[in-house]
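Student: Okay, here's the structure, questions in a sec.
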Amino acid sequence: MERLFFLLSGAYGFLAVALGAFGSHGLKARLDGLPDGALRASWWQTGAQYHLAHALALALAAHLAARTGGRAAIVAGLCFAGGVLLFSGSLYVMTLTGTRGLGRVTPFGGLLLLVGWASVVVAALGIAKA
């Protein structure tokens, strides 16, 4: 799992930077003039911010998986990977389409991110015991 999490970390990081740049430059013209354009731009910014932070969190999960070999580190990595897809992904799609119904999915992604961080704590406690 360590290699998979490092690969996902790199891919997610690359995409987060690319999508963040698109949001700052290419998306502006598309959203200008829309009544909810500023709100949608803020959704994109939030998605990109969490996307990039959790790309790095995946690298942390990979490191913990290599160091501990424990289940908590694997749970953390899987939760971070899925959380980014659901949280940031739903915000990106909502921004592009204006479909607010996807906002019901976003909290599930956030919950996965929280479980991922809780799992990092559990993995770290396992290291402290050793």
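Student: Which one of these does L96 not meet: (1) closer than 24 Å to L7 by Cβ; (2) out of contact with any helix residue (DSSP H, G or I) (no Cβ under 6 Å at 6 or more places or on another chain)?
Tutor: (1)
Student: Okay, moving on. Just to be sure, is A41 more than 20 Å from L114 (Cα to Cα) and either surrounded by fewer than 21 Cβ atoms within 10 Å (Cβ to Cβ) or more than 12 Å from the chain's Cα centre (by Cα) (or both)?
Tutor: yes
Student: Follow-up question, since we're still on this one. Could you please let me know if L102 is under 15 Å from the mean Cα position of the chain (by Cα), surrounded by fewer than 19 Cβ atoms within 10 Å (Cβ to Cβ) and closer than 23 Å to G26 by Cβ? Quick ask: steps written out before the conclusion?
Tutor: On the way: under 15 Å from the mean Cα position of the chain (by Cα): no; surrounded by fewer than 19 Cβ atoms within 10 Å (Cβ to Cβ): yes; closer than 23 Å to G26 by Cβ: yes.
Here the answer is no, as L102 does not meet what is asked.
Student: Please work out which one of (1) buried (at least 19 other Cβ atoms within 10 Å of the Cβ); (2) closer than 22 Å to L64 by Cα; (3) in contact (Cβ under 8 Å) with a residue 60 or more places away in the chain is the condition L27 fails and give its number.
Tutor: Failed condition: (2).
Student: Here is a follow-up. In contact with a Cys (Cβ under 9 Å, 6 or more places away or on another chain) and surrounded by fewer than 20 Cβ atoms within 10 Å (Cβ to Cβ): does that describe V122?
Tutor: Against the criterion (in contact with a Cys (Cβ under 9 Å, 6 or more places away or on another chain) and surrounded by fewer than 20 Cβ atoms within 10 Å (Cβ to Cβ)), V122 does not qualify.
Student: Looking at the stretch 44-85 only, could you name the residues that are of a type in the set (D, E, K, R) and over 16 Å from L112 (Cα atoms)? Quick ask: steps written out before the conclusion?
Tutor: The first filter runs over the stretch 44-85 and keeps only residues of a type in the set (D, E, K, R), leaving 67, 71.
Matches in the stretch 44-85: R67 only.
Student: Among L56, L86, which is the only one that is touching a residue at least 24 places away in the same chain (Cβ under 8 Å), surrounded by fewer than 21 Cβ atoms within 10 Å (Cβ to Cβ) and over 29 Å from I127 (Cα atoms)?
Tutor: L86
The numbers here are math on the coordinates, done by the rules we state, and not lab data. No experiment lies behind these values; they were computed from the predicted model shown. Because the Cβ atoms are built from the backbone with ideal geometry, glycine has one as well, and the counts that use them run over all protein chains shown.
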